[in-house]
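Okay, structure first, notes after.
Every number in this text was worked out from the coordinates using simple rules, so none of it is lab data. Just so it is clear, the model here is predicted, and its values are computed rather than measured. Here the Cβ positions follow ideal geometry from the backbone for every residue, glycine too, while neighbour counts run over all protein chains shown.
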Amino acid sequence: MLHKVVHFNLNKICFVQNIYQTCCYCTAFNVNNDVIQFFQQNLGLPENEVRRIVKKYPSFQNDSYSSLSDNLSLLTRFGVSKDDIIKKIQVLTLHSITIKNYAMLLEEGGFIKNKIDSKTLLRFKFISKKSIQSLKNENLIHKHVDVGHNILSFINFPTELYPACCDESLSWNQVQKNIFKLYIGWKIKMNIENLKYAQAIYHRLFNKSYRLMDRSIDILLNEFNFTEEKIRRHSYLIHSDPDNTRAILDNFKNLCGTDAKSILSKHPKIILTPWNTIGQIRKHFEDFGIPESSLAKAPEIYTLGSNTIYERLSKLKETPELASFINNPQVARLIYYYTKVNSRLKYLQSKNCVSLNLLVTNNYSFNRFNCNGNDKGKTNDIMIYLTKELGEDKNELRSLLERHPYWQYISLLTIRKSFEFLKKNNFTKDQLCHCSQILLYPVHKIKDALISTEKMKNVSYLRNVSGSIKSEYLLPLVLYNLEKDYHFSGDGVWNTNEKINKIPLSDSPKATFDDTEELDHDPSNKLL
């Protein structure tokens, strides 16, 4: 019996394994066309060989034609032949900046040029741990080369400060680190303690080409007028790519609607962002109708990935409460702090007081608001939205809305939906502005009031030749009908499940308003 159970389970495992292998096989053979095209055009590999390579190294699936092409150009620039690349094809999966730093570091560290190949680049970390003597014995470095002096010869370092002869029992990596400490202490006066602290946070500082590092620091000192102290405080900038920094300056004279150098000086982390990513981010905001100047409220947005930005913009547009802020000058803060925004949104929805400021504010301010037990919205969001949509003076609009006792408690989403509904029904901006309090009411109540208003009797003198109430009188009459059952207290803005009326209707005197009553005056098309 036990034998049968074991046999059954083994067969089951084999069956699952076969399914898994089949799935992997199918997945691997669904190769990105960009990858196939690159290998065929640049390395002359047949399609079946490309599929085999991608199956063996799945990370190729994430690469594009342009990224693979850039890596191939870099490798050939450093003297790596195409035949050598094909032998160690996985070298193309390295990041272009990694390839550049590794190859240049090996050159600076005394490696013989024709020994800097695909295999050496892939085994960089392992090789760098070998002693100088071992590397010389393997003919990777010439016997007469002093590795420390050779590194310093690539930069403008004073010869009188050169260290004593290199101890060849030390690893190549250790010698390179010792020279790094010497160089960085001379270039920006960074002491050992500060360097240890920086290296603990930014582990790649020691794997940076000295030529690239020297150029980066010079750009920071001369182009951005950074002080040495500022570079020490932002030590990650030592690892920035000077070619990328130069490309940012050449391609973007302005960022966030102001001078690019000024923005990069105030937010130096942007310097680490690939220049083409900055272009993609700008394009995403442009496609969503958000002006570049809006990014001034959160320039750090340029430190995020372009795909992340696109996903967050899409989610913002799909979320009704957040879509209301799409034209807000501070919309970039919603994108940058999206994780925080998303975690707070549901809670603020339950309190009916979603506001941009509360969504992105710091925890202290948010907790203070929460402890106050207040459920007022931030009226500035409403005013920004309405002034843009209606094109009216902000103070005049506010004075009209302030006549309603509960206007501060109405969500921007309700106002936006009502505005869009009325606009769709051909009410002009001027009419909506002069009767702006109607925007505080939910759409379903406005719909009902529009129907009941058109059915009003004894207002024939307000109708046009077709029998409809003239548009200039319609909204004031709708507003009248919305509030008459609430004794003009303003309580008509609430949905029944949102608020308890300030004065319960059962406890208040019941007044009767008959729609057949003859009006003794023409209703004003403006709110009094």
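Descriptive notes on the structure:
- Model label points for Lys269 and Lys82, set 7 angstrom from Cα along the Cα-to-Cβ axis, are 4.3 nm apart.
- Label separation (Arg246 vs Glu300): 3.1 nm, computed from points 7 Å beyond Cα along the C-beta direction.
- Per-residue ³J(HN,Hα) for segment 278-284, Karplus 6.51 cos²θ - 1.76 cosθ + 1.60, θ = phi - 60°, Hz, x for Gly and Pro: 4, x, 5, 4, 4, 5, 4
- Förster-model FRET efficiency, 22 Å R0, Val443 and Phe488, C-beta, rounded to 0.05: 0.55
- Note on Glu138 and Glu286: their simple-model spin labels are 4.9 nm apart, each label 7 Å out from Cα toward Cβ.
- Our summary gives the chain a relative contact order of 6 percent, counting only alpha carbon pairs under 8 angstrom and 6 or more residues apart.
- A straight chain from Lys315 to Glu49 at 0.36 nm per residue would run longer than the Cα-Cα distance by 91.7 nm.
- Rounded, prolate or oblate (a/c below 1.5 giving rounded, otherwise prolate when a/b exceeds b/c) for segment 233-338 by Cα gyration tensor: prolate
- In sequence order, calculated HN-Hα J values of segment 265-277 (Karplus, 6.51, -1.76, 1.60; Hz; x Gly/Pro): 5, 7, 10, x, 4, 4, 4, 7, 6, x, 4, 5, 5
- Efficiency of FRET between Asn307 and Ser169 - r from beta-carbon atoms, R0 56 angstrom, step 0.05: 0.70
- Residues of segment 292-325 with an amide N closer than 13 Å to a point placed 7 Å from the Cα of Gln349 along the Cα-to-Cβ direction: 316, 318-323.
- Sites matching chymotrypsin sites (Phe, Trp or Tyr not before Pro) across segment 227-320 that sit in DSSP coil, with at most 12 neighbouring C-beta atoms within 10 Å: none
- In this calculation the C-beta distance from Lys261 to Trp186 is compared with R0 = 22 Å, giving a FRET efficiency of 0.25.
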